[in-house]
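J.: First the structure, then my questions, so here it is.
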Amino acid sequence: MDIIVTALLIFGLFLFLAGAIGIIRMPDFYSRLHPAGKLDTLGTLAMVMGLALYNLHQISIGNVLVSVKMFLIVFFVFIASPTATHTIVDAGMRAGLRHWTKKKKRN
Amino acid sequence: MISFFLYVSVAMCLLMLVSMYRVLFGPTVLDRLIGVNAIGSKTVILLLLIGFLYERVDMFVDIALAYGMLNFVAVIGAARYFHKRKGLYEESFID
């Protein structure tokens, strides 16, 4: 059981690390939203799954209820995080940010 | 296992510092908003880990859920506020 929890936590940390590196290294506003929208969501799923599995080491009503609440957090994040990312993209489109092209340097 | 949770929490704080670079030095205000969103989604996990460290998970899971909801509302409100701002494209070339 502990091995599965450790593997899930390390996998979630790897996803968060990839998301953070993507947020720093991407060249453009729209391409920065790509790791921020996806990898944080999947990293939240992996780490909360590991923590909920660790919480069930002895089965009781309270522990099962807390684990179900953790998966409610995951359900809410899976709805809210892509919606927030889409809202930021919409704000960028309305504010007139243009795409990143390779040959265009600073004016 | 508790000490492993402590190490994971410290690593999560370091990743939040990495995302903080985009908040501090982002060219436009929407880039800073991306960094705030990423830090908020890491904070939800960090609150659950703190709950395991203090052995009060039943209390901290509610705090994490409320924080996730607050982060969502804050990002949507800020994005709706900043979408009328013009001149972001010229601002994005100031590194």
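One line per residue, one yes/no per condition, for (1) farther than 19 Å from residue A:16 by Cα; (2) at pLDDT 90 or above; (3) surrounded by 14 or more Cβ atoms within 10 Å (Cβ to Cβ):
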| site | (1), (2), (3) |
| --- | --- |
| A:47 | no, yes, yes |
| A:55 | yes, no, yes |
| A:58 | yes, no, no |
| A:61 | yes, no, no |
| A:75 | no, yes, no |
| A:91 | yes, no, yes |
| A:94 | yes, no, yes |
| A:98 | yes, no, yes |
| A:103 | yes, no, no |
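J.: Mind listing just one residue for me: the one in the stretch B:48-78 that is among the charged types (D, E, K, R) and either crowded, with 20+ Cβ neighbours inside 10 Å or assigned to a helix (DSSP H, G or I) (or both) and, of those, modelled with the highest pLDDT?
T.: To start, the set of residues in the stretch B:48-78 that are among the charged types (D, E, K, R) comprises B:55-56, B:58, B:62.
Narrowing the set further to residues that are either crowded, with 20+ Cβ neighbours inside 10 Å or assigned to a helix (DSSP H, G or I) (or both) leaves B:58, B:62.
On the way: B:58: 86, B:62: 91.
For the stretch B:48-78, the residue satisfying everything is B:62.
J.: Continuing with the same structure: Filtering the stretch B:33-52 down to residues that are closer than 18 Å to residue A:30 by Cβ and of a type in the set (A, V, I, L, M, F, W, C), which residue is farthest from the other protein chains (Cβ to nearest Cβ)?
T.: Our first condition is that a residue be closer than 18 Å to residue A:30 by Cβ; within the stretch B:33-52, this holds for B:33-38.
Imposing the further condition that a residue be of a type in the set (A, V, I, L, M, F, W, C) reduces the set to B:33-34, B:36, B:38.
Values: B:33: 6, B:34: 5, B:36: 10, B:38: 5 Å.
Only one residue tops the list, namely B:36.
J.: Exactly one condition in (1) buried (at least 17 other Cβ atoms within 10 Å of the Cβ); (2) more than 21 Å from residue A:43 (Cβ to Cβ) is not met by residue B:86; state its number.
T.: Among (1) buried (at least 17 other Cβ atoms within 10 Å of the Cβ); (2) more than 21 Å from residue A:43 (Cβ to Cβ), residue B:86 violates only (1).
J.: Checking residue B:81 against (1) within 7 Å of chain A (Cβ to nearest Cβ); (2) at pLDDT below 90: exactly one of these is not met. Which one?
T.: Of everything listed in (1) within 7 Å of chain A (Cβ to nearest Cβ); (2) at pLDDT below 90, residue B:81 misses just condition (1).
J.: Something else about it: Looking at the stretch A:9-26, can you tell me whether even one residue there is at pLDDT below 90, surrounded by 17 or more Cβ atoms within 10 Å (Cβ to Cβ) and among the charged types (D, E, K, R)?
T.: Within the stretch A:9-26, not a single residue is at pLDDT below 90, surrounded by 17 or more Cβ atoms within 10 Å (Cβ to Cβ) and among the charged types (D, E, K, R).
J.: Can I ask one more? Kindly check whether there is at least one residue in the stretch B:22-32 that is assigned to a helix (DSSP H, G or I), among the small types (Gly, Ala, Ser) and at the interface with chain A (Cβ under 10 Å from one of its Cβ atoms). Can you show your working first?
T.: Our first condition is that a residue be assigned to a helix (DSSP H, G or I); within the stretch B:22-32, this holds for B:22-25, B:29-32.
Next cut, among the small types (Gly, Ala, Ser) only: none.
For the stretch B:22-32, residues assigned to a helix (DSSP H, G or I), among the small types (Gly, Ala, Ser) and at the interface with chain A (Cβ under 10 Å from one of its Cβ atoms): absent.
The values are calculated or read from the model by the stated rules, or taken from the named source; none is laboratory data. From a predicted model like this one, the values you see are computed outputs, not experimental measurements. All Cβ positions, glycine included, derive from the backbone under ideal geometry; neighbour counts span all protein chains shown.
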